[in-house]
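So the structure is just underneath, and the comments pick up after that.
The values are calculated or read from the model by the stated rules, or taken from the named source; none is laboratory data. Just so it is clear, the model here is predicted, and its values are computed rather than measured. We place every Cβ from the backbone using ideal geometry, glycine too, and count neighbours over all the protein chains shown. Heads up: the accessible areas ignore ligands, DNA and RNA and are worked out on the full protein's heavy atoms, side chains in. Shrake-Rupley method; radii C 1.70, N 1.55, O 1.52, S 1.80 Å.
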Amino acid sequence: MRQLRGQERAITGNRQTSWAFADAYVAEDAALRWARERAREAGMRSVSSGTGAALRLLAAAADAKAVAEIGTGTGVSGIHLLHGMRPDGVLTTVDSEPEMQQLARQAFRAAGFTGNRARFIPGRALDVLPRLADGGYDLVFCDGDRSECLDYLGESLRLLRPGGLVCFEGVFANGRTVDSAVQPAEVLRLRELLRTVRESTVLQSSLLPVGDGLLCAVKRR
């Protein structure tokens with residue numbers, strides 16, 4: 001192993017500290033903190049503040065007017081997406097747990113968003129997504145059942161306009177995606193997702209080290 005130079009040693013030694021700093025770089029308001037607390041009480045994971053900030057940035061960069069979200073949760077990711085979207089944009093969010101969507105409604109209101117900014121659809125994602133319009137979305141955010149991630153990818157490619165973005169949360173799976181030990185089926189599916197997106201001729205992709213890993217890809221025009 002080659003000897004590291006001084007600057008490289010500093011980067012390696014401070015990497016985790018730097019990642020933690022980056023993840024907390026964008027401050028979150030009271031509505032987001034309330035939504036996070038509801039998620040903790042329900043035993044649900046929510047996107048990190050760094051992941052939320054990245055989603056907000058991507059929605060703004062895409063000048064997103066129509067966004068589809070798989071996995072409403074208590075509204076943490078949805079608030080970030082809505083902050084990045086156009087003022088007249090609509091978030092269509094799908095979740096199999098209607099009671100969580102009710103909490104998300106409260107969180108969206110507390111964040112200052114009117115009721116017409118979000119469309120809540122209860123149900124299993126793979127039952128709902130086929131009913132959404134082809135090419136009608138600027139961004140699709142996937143934070144649902146990891147075992148269904150490849151199916152989400154197929155639906156996302158249909159839903160996205162040319163130049164639209166698809167994002168997958170949690171692709172690191174707490175480090176298991178790169179662990180050589182025997183892994184459960186959902187981790188194997190994530191590995192397959194990563195390979196499929198990287199090798200796709202219709203996607204331009206990047207893997208962002210925020211939160212538990214955010215895989216992003218642009219649908220080529």
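Set side by side, the residues Glu69, Glu28 differ, and just one is charged (D, E, K, R) and either free of Cβ contacts under 8 Å to residues at least 24 places away in the same chain or closer than 27 Å to Gly154 by Cβ (or both), which is Glu69.
Within region 120-142, the set of residues being open to solvent by 30 Å² or more (accessible area, probe 1.4 Å) and outside any strand (DSSP E or B) comprises Arg124, Leu126, Asp127, Pro130, Arg131, Ala133, Asp134, Gly135, Gly136. Within region 23-47, can you find the residues that are crowded, with 16+ Cβ neighbours inside 10 Å and not in a loop (DSSP other than H, G, I, E, B)? Selection gives Asp23, Ala31, Leu32, Trp34, Ala35, Arg36, Arg38, Ala39. Taking the criterion of being at pLDDT 95 or above and assigned to a loop (DSSP other than H, G, I, E, B), the residues of region 161-191 that qualify are Gly170, Val171, Phe172. Within region 66-89, how many residues turn out to be surrounded by 17 or more Cβ atoms within 10 Å (Cβ to Cβ) and not in a helix (DSSP H, G or I)? The number of residues fulfilling the criteria is 12. Checking each residue in region 156-195 for being of a type in the set (D, E, K, R) and open to solvent by 40 Å² or more (accessible area, probe 1.4 Å) picks out Arg158, Arg161, Arg176, Asp179, Glu186, Arg189, Arg191, Glu192, Arg195. Cβ-Cβ contacts under 9 Å between residues 6 or more apart (or on different chains), taken from a first residue in region 194-220 that is closer than 20 Å to Gly163 by Cβ and among the β-branched types (Val, Ile, Thr) to a second residue that is part of a loop (DSSP other than H, G, I, E, B) and open to solvent by 40 Å² or more (accessible area, probe 1.4 Å), are listed as Thr201/Arg220; Val202/Arg220. Taken over region 143-153, residues that are not in a loop (DSSP other than H, G, I, E, B) and not aliphatic (A, V, I, L, M) amount to 6.
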